[in-house]
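The values are calculated or read from the model by the stated rules, or taken from the named source; none is laboratory data. Computed from a predicted structure; not experimentally measured. Every residue, glycine as well, gets a Cβ built from its backbone with ideal geometry; the counts of neighbours run over all protein chains shown. Just so you know, the surface numbers come from the protein's heavy atoms only, side chains and all, with ligands and any DNA or RNA stripped out. Shrake-Rupley method; radii C 1.70, N 1.55, O 1.52, S 1.80 Å.
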Amino acid sequence: MPKVTFPRMGESYRAFRMLMNDLGNEVIIPPRPNKKTLDFGVRYSPEFACLPLKILTGTYVETCMSGAELIITSGGSGPCRAGLYGQLHKKILNSIGFPVDIIVFEAPKSHPIDFLRKVKRVNSSRLSYLAIWECVKRGWEKLKYLDDLEKTTHALRPRELKKGSTTKVYREVLEWIDGAYAMKEIHEAGKEALNTLKLVPHDTRRAVLRVGIVGEIYVLLEPASNLEIEETLGNLGVEVHRSMFLTGWTRDNTVKETSGILSVKEAAMPYIPLCIGGHGRESVGHTILYARDGFDGVIQMAPFTCIPEIVARTILTRVSREHNIPVLTFFLDEQTGKAGMSTRLEAFVDLIRRKKNAPVSDNRIIVG
Amino acid sequence: MAARVGIPSSLFYYVHFPMWQTFFSELGVEVVTSGQTTKGLLDQGVREALADACVPIKLFFGHVISLKDSADYLFIPRIVCLNRKTIYCPKFLGLPDMIRHGLTGMPPIIDVQMDSRQGFASLWKSYLKIGRIFGLGKGRIFMAYLKAYMVARRFQSLMRSGLHPPEAMAVLSGKENIADPVDYNGDLTFAVLGYPYEVHDQFISVGLVKKLKKMGIRVITIENLSPRKISRANILDKNMFWTFSDLALNAAYYLFKEGGVDGIIHLTAFGCGPDSMVDKFMEISSRDYPEIPFMSVTIDEHTGDAGISTRLEAFVDMVKRRKEVKNNSCPR
Ligand code: SF4
Ligand code: SF4
């Protein structure tokens, strides 16, 4: 059995592991990014690479040391660097002596043949396409539950009666999802997990602040890379609404309902009429939608030197002014510390709380 | 009074200025530029632009600001794609937006989109739109476009014959007949790879090219190579998405493979996103070609003259010594 691994993005590895196992591969689970991961990443990546690239380099080095032979990842042809991560990682890993191969899945729509060929390569137990499809469907179902659970924690955390209880229960119920295998089991475990999570004692009437989170996909989805900003905010009594989940924005229409039919793209149109790659335009669009929905503030998370987010940030200055919503930007790199971030978050939360209570135009944008 | 269009002397300036200048003057529109980069321009840009932006973008802000009072329009087209294949760095794609929303009190921006992937004659249509802004007829605009196109061709061929963009521009405007006053006594040839707005900006590159020439070294840049040939040298299974990066990387692959140069210098800007990858790819590849020394030089807003000179001299010395050793050990 070939030993495969893949990038880690939050809890999604639980679903991918199942899928890869089903296809007959041994899975080396990518470890949660930690100090060591970052050290490896910094040592072997170009100095000005964006944080996601560095973290992934580190993760791959760690998994290669545990014997991974094949890395599976996705490509994309955005004007952004992520589309070339695979090629660069392969060169880097090979040059430091790991003979791994990397399979980069490109969008099936534009490269159908290539896609099928690659599917065949990871299909070690020679399943039929139909069987593969079944596996993918189960994986997707799991992903959806994982996303739903995470979303629920965002609403619960600021309202919980005992600090830390949400996170504790969340950790526990995740394991249930992990144990489920057949479609029926997944549904059962998922529902059970959601219900249990909602039982965490909380105060539904507590007035909380609402903050939208926008930015680059990797740092949004991997809590270890954003220093658990969502947890920190939750503990400060803020309900966060993240603009991106792996299973997609479309499933989540809480914002859409209230803002009519304005899509993210349309919202961003007056400011940035063109897709600039990465998620720059989405960051602008989501910020506008959040403002229209009466959110109290927006936080932009971006890797240091992230090209599209820098463009977005320049434009957000004006969006913040014209839509009267405070925006705080974090440019993350390997030196960003949790303590510094918490201080700035506290100041920001103070600011939006004051603004909410006395709605004068005390509206600033803060960068870092 | 004729309308005045301001063209910042940065970024696309080194690639398209001759064409744009011709186009506008044929339309009877006056062109003003921000001139050579100075410390003042850079400082201004650094103050106004986002701290996390790359140096060239900060510098561009500076150039734009200096045109504030001397131009009625700013010409900052949104150039997406010109070769039907690769696009430009996201910061180029968002350039007009960054200027419009990041600076206040600027003249109106002409931000016509140029994207050759949008089908036949899409570039002409973009220029038509520009001409319409000045209320001119289609015929007149077409003549101007044609003339501009011819100038662009001439500019290209001058550069392919070995001139660097500033020299070629000088020739085009009839200022200087022999663009190359330096006498190459040595027999060294270096390639300086990097983006045109870094390599050919005297100030931001700390005069790197000039310094090399002073040492009697022949310098070739990407503009001197045939784009078709270098694009064939690509060894990745995917193109770089960004035109300038794609050119730089493939030029390195091409030169490593074909030889013909004694050293390769990669000039990169602090805070440049694409370059972090380009440089790593080059570095990894250079290990397979030990006979061609490779060095990368990073420039930022504080780069000092002295630091660069020392590194350059050391590099040149090393290359010279290697060459002598090689020549001595294999007698002709
Ligand atoms: S979007 Fe930003 S972080 Fe992602 S690859 Fe591009 S530059 Fe890097
Ligand atoms: S290619 Fe690099 S230097 Fe040029 S604009 Fe983009 S990030 Fe800046």
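When only Cα pairs below 8 angstrom with a gap of at least 6 residues are kept, the stretch A:182-245 shows a relative contact order of 35 percent.
Here the Karplus curve 6.51 cos²θ - 1.76 cosθ + 1.60, taken at θ = phi - 60°, turns the phi angles of the stretch A:37-44 into couplings of 4, 5, 4, 4, x, 5, 5, 9 Hz, with x standing for Gly and Pro.
What relative contact order, as a whole-number percentage, does the stretch B:220-277 give when Cα pairs under 8 Å and 6 or more residues apart are counted? Can you show the working numbers first?
On the way: 33 pairs, mean separation 19.0, N = 58.
Value for the stretch B:220-277: 33 percent.
Can you give the FRET efficiency to the nearest 0.05 for B:S157 and A:A107, using r as the Cβ-Cβ distance and R₀ = 35 Å?
On the way: r = 39 Å, r/R0 = 1.13.
Given R0 = 35 Å and the Cβ-Cβ separation, E is 0.35.
Here the alpha carbons of the stretch B:37-83 define both size measures, Rg and Dmax, at 12.0, 35 Å. Using the Karplus relation 6.51 cos²θ - 1.76 cosθ + 1.60 with θ = phi - 60°, the per-residue 3J(HN,Hα) values for the stretch B:58-75 come to 4, 4, 4, 3, x, 4, 5, 4, 5, 8, 3, 9, 9, 10, 8, 9, 10, 9 Hz, with x marking Gly and Pro. From the alpha carbon centroid of the stretch A:107-172 to that of the stretch A:5-69 is 17 Å. Computed with a 1.4 Å probe on the full set of protein chains, the accessible area for A:D293 sits at about 30 Å². Between B:A314 and B:R228, the contour length at 0.36 nm per residue exceeds the alpha carbon distance by 27.6 nm. Comparing mean-square fluctuations of B:M143, B:M159, B:M240 from a GNM of chain B with C-alpha springs under 10 Å, the top value falls on B:M143. Can you pull out the GluC sites (Glu not before Pro) in the stretch A:13-99 that DSSP calls coil and that have at most 13 other Cβ atoms within 10 Å? Here the sparse-neighbourhood loop sites are A:E47. Centre-to-centre separation between the Cα atoms of the stretch A:185-217 and those of the stretch B:101-159: 53 Å. Starting from 0 in steps of 20 Å, tell me what percent of the Cα-Cα pairs of chain A lands in each bin. Whole-percent P(r) values from 0 Å outward: 27, 59, 13, 0.
Among A:W140, B:W20, what's the order by accessible area (1.4 angstrom probe), most exposed first? Walk me through the numbers on the way to the answer.
Values: A:W140 110, B:W20 10 Å².
Ranked list, largest accessible area first: A:W140, B:W20.
Its Cα gyration tensor gives the stretch B:181-329 an equivalent ellipsoid; the semi-axes, largest first and in whole Å, are 23, 20, 14. Across chain A, the relative contact order, built from alpha-carbon pairs under 8 Å that are at least six residues apart, equals 15 percent.
Full extension of the segment from A:A358 to A:K191, taken as 0.36 nm per residue of separation minus the current Cα-Cα distance, would add 56.0 nm. I want to verify a result. In a Gaussian network model of chain B, Cα cutoff 10 Å, which of these has the top mean-square fluctuation: B:G94, B:G135, B:G271? Result for chain B, Cα springs under 10 Å: B:G135 fluctuates most. What distance in nm lies between label points placed 7 Å from Cα along the C-beta direction at B:W124 and B:Q202? Spacing of the two 7 Å Cα→Cβ label points: 3.9 nm.
Grouping the Cα pair distances of the stretch A:128-206 into 10 Å bins from zero gives a pair-distance distribution of 19, 44, 24, 10, 3, 0 percent in increasing distance order.
Which value in deg cm²/dmol, rounded to the nearest 500, describes the helix-derived mean residue ellipticity at 222 nm for chain A, given -39,500 (n - 2.57) per DSSP H run of n ≥ 4 and division by the residue count? Each step should come with its number before you reach the end.
Values: 15 runs with 187 residues, N = 368.
Helices in chain A give a 222 nm mean residue ellipticity of -16000 deg cm²/dmol.
Would you mind classifying the stretch B:52-117 by shape? Square roots of the alpha carbon gyration tensor eigenvalues, ordered a ≥ b ≥ c; an a/c under 1.5 is rounded, otherwise it is prolate if a/b is larger than b/c and oblate if not. Don't skip to the answer; put the middle values down first.
Values: a/c = 2.51, a/b = 1.53, b/c = 1.64.
Oblate.
Between the stretch B:1-37 and the stretch B:225-278, the C-alpha centres lie 29 angstrom from each other.
Computed with a 1.4 Å probe on the full set of protein chains, the accessible area for B:F241 sits at about 20 Å².
Taking the C-alpha atoms only, the angle from helix A:13-22 to the longest principal axis of chain A is near 20 degrees.
Using a 1.4 Å probe and counting only protein heavy atoms, how much accessible surface gets buried when B and A come together, both sides summed, in Å² to the nearest 100? Write out the running numbers ahead of the final one.
Details: alone 15920 and 17200 Å², together 29800 Å².
The buried area between B and A, both sides summed, comes to about 3300 Å².
Estimated at the nearest 10 Å², the accessible area of B:F270 is 80 Å² with a 1.4 Å probe. Any chance you could give the angle, 0 to 90 degrees and rounded to 10, that helix B:243-258 forms with the longest Cα principal axis of chain B? It works out to around 20 degrees.
Please give the FRET efficiency for A:E172 paired with B:K39, using the beta carbon to beta carbon distance and R0 = 60 Å, rounded to the nearest 0.05.
Numbers: r = 61 Å, r/R0 = 1.01.
Using R0 = 60 Å, I get an efficiency of 0.50.
D by Stokes-Einstein for the protein assembly as shown, Kirkwood Rh over Cα pairs, 20 °C, 1.002 mPa s: 78 µm²/s. In plain terms, the bigger the Kirkwood radius, the slower the diffusion; for chain B, with that radius from Cα pairs, at 20 °C and 1.002 mPa s, Stokes-Einstein puts D at 102 µm²/s.
For the protein assembly as shown, the solvent-accessible area of protein heavy atoms averages 43 Å² per residue (probe radius 1.4 Å; ligands and nucleic acids excluded). By the rule of a C-alpha distance below 27 Å, with chain neighbours fewer than 8 residues away ignored, the lysines paired with B:K58 are A:K54, B:K39, B:K68, B:K91, B:K210, B:K211, B:K280.
On full extension, the segment bounded by A:N34 and A:S125 gains 29.4 nm, given 0.36 nm per residue less the C-alpha separation.
Entry note, chain B: the mean residue ellipticity at 222 nm calculated from DSSP H runs of n ≥ 4, each adding -39500 (n - 2.57), is -15000 deg cm²/dmol after division by the residues and rounding to the nearest 500. For B:R322, neighbours were defined as the other residues whose beta-carbon sits under 12 Å from its Cβ, and their charges (Lys and Arg +1, Asp and Glu -1) total 0. Rounding to the nearest 10 and keeping the result within 0 to 90°, find how far the Cα-based axis of helix A:165-179 lies from the longest principal axis of chain A. The angle comes out near 20 degrees. Among B:Q118, B:Q36, B:Q156, the largest mean-square fluctuation in a Gaussian network model of chain B, built with springs joining Cα atoms closer than 10 Å, belongs to B:Q118.
Past 28 Å, Cα to Cα, is the threshold; run A:K109/B:K257; A:K144/A:K168; B:K85/B:K257 against it and keep the listed order. Each step should come with its number before you reach the end.
Values: A:K109/B:K257 35 Å; A:K144/A:K168 20 Å; B:K85/B:K257 24 Å.
In this structure, A:K109/B:K257 exceed 28 Å between Cα atoms.
Extending 7 Å from the Cα toward the beta-carbon at both A:I96 and B:S25 defines two label points whose distance is 5.5 nm. Taking all protein chains together, A:M183, B:M282 sort by accessible area into A:M183, B:M282, largest first [probe 1.4 Å]. Figure note: A:K3, A:K184 ranked by solvent-accessible area, largest first, 1.4 Å probe, ligands and nucleic acids not counted: A:K184, A:K3. Between A:C80 and A:G278, the built amide H atoms are under 5 Å apart, and every one of these is 5 or more places off in sequence or on another chain. Carbon-plus-sulfur accessible fraction, the stretch B:177-332 (probe radius 1.4 Å, protein heavy atoms only): 51%.
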